[in-house]
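Just so it is clear, none of the values below were taken in a lab; they were calculated from the coordinates. Model, not experiment: these values are computed from the prediction. Please note: Cβ atoms are built from the backbone with ideal geometry, for glycine as well, and neighbour counts cover all protein chains shown.
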Ligand code: PBG
């Protein structure tokens, strides 16, 4: 060994010193919990492929939102599950559609005590399951979809949402949404752009949660998992179009993207630990193959270490409770 002896283990000798020198901490305020609300439910319902995650009734959503605030989470991302769907996803634009109603409910309950966000996409509302409107040939019509997103953004803002999260990966969606919000007097509503969103198999369980059956795939609008530089281009465009925050999605299989995006922009960077990431850990833990709590916190720490300052995770409420005890 060289002299003086360099012994990195000195800083690992006990929990106190490890805590002192930890480079990364995850704070409850950086966690955002996605929540699902289904039209017409009187009781919350479990989602089989996402153990611990519920489809809420309007009533149970309000209670869950209060619990999330008490746990100290930084935000709630709302997803609506409509009772019926149509070709154009009109339920997403309707002020009385389930998502807009739920935004009103949650805002009435929690006000400004946390950040209330709405997923801004048509896939939960369309009968074909695509994130946009279709051309007669069956492709996704980018520009017609922008007009729908613009109207949907205003409906969510009218309902009181603090942040809209355009997640459909249409070109120009952030600009279209920003202009519509501004024209409607909603200058103070922020845009969290799902800027780098990959065509990922890890979204599988989410489709159960929103009961969306997709014919085909999303490869003409979501990104190819093979590409990193393309994400930087997407992010740059979204920031130029007025995104207040940008997101990478999924998280754990794309930590290189998180880290590159963090280095490329000055706006806050979020990462979405998606349904499949959560389900993998839950399934392995249920089999006794990994330690659930340790794995959960390790994944969150890793996403944070890669450069995400905000993490969307289905564990947000539980993790916030655990982390509060820890620090
Ligand atoms: C689109 C949207 C999806 C997710 C969040 N927003 C589905 C998709 O793009 O296919 C996936 C979230 C998850 O898997 O947890 N509305």
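Look at residue 204 and say whether it is in contact with a helix residue (DSSP H, G or I) (Cβ under 8 Å, 6 or more places away or on another chain) and away from the ligand (no atom under 16 Å from the Cβ).
no
Go through the range 201-223 and give me each residue that's part of a loop (DSSP other than H, G, I, E, B) and under 20 Å from residue 81 (Cβ atoms).
The answer is 210, 211, 212, 213, 214, 215, 218.
Across the range 224-252, what is the total count of residues that are in a strand (DSSP E or B) and crowded, with 23+ Cβ neighbours inside 10 Å?
Residues flagged as in a strand (DSSP E or B) and crowded, with 23+ Cβ neighbours inside 10 Å within the range 224-252 amount to 4.
Could you give every pair whose Cβ atoms fall below 9 Å, whose first residue belongs to the range 265-292 and is more than 19 Å from residue 197 (Cβ to Cβ) and in contact (Cβ under 8 Å) with a residue 60 or more places away in the chain, and whose second residue is away from the ligand (no atom under 16 Å from the Cβ) and in a helix (DSSP H, G or I), counting only separations of at least 6 or pairs across chains?
The qualifying pairs are 282/292; 286/292.
Determine if the range 175-182 includes at least one residue that is in contact (Cβ under 8 Å) with a residue 12 or more places away in the chain, part of a loop (DSSP other than H, G, I, E, B) and either touching a helix residue (DSSP H, G or I) at 6+ places or on another chain (Cβ under 8 Å) or away from the ligand (no atom under 12 Å from the Cβ) (or both).
No; the residues of the range 175-182 include none that is in contact (Cβ under 8 Å) with a residue 12 or more places away in the chain, part of a loop (DSSP other than H, G, I, E, B) and either touching a helix residue (DSSP H, G or I) at 6+ places or on another chain (Cβ under 8 Å) or away from the ligand (no atom under 12 Å from the Cβ) (or both).
Of all residues being within 17 Å of the chain's Cα centre (by Cα), within 20 Å of residue 47 (Cβ to Cβ) and part of a helix (DSSP H, G or I) in the range 253-283, which is nearest to the ligand (Cβ to nearest atom)? Just the residue, please.
Selected residue: 275.
If you scan the range 48-68, which residues turn out to be under 16 Å from residue 79 (Cα atoms) and in a loop (DSSP other than H, G, I, E, B)?
Within the range 48-68, 50, 53, 57 qualify.
Which condition number does residue 206 fail, the rest of (1) over 29 Å from residue 134 (Cβ atoms); (2) out of contact with any strand residue (DSSP E or B) (no Cβ under 6 Å at 6 or more places or on another chain); (3) surrounded by 17 or more Cβ atoms within 10 Å (Cβ to Cβ) being met?
(1)
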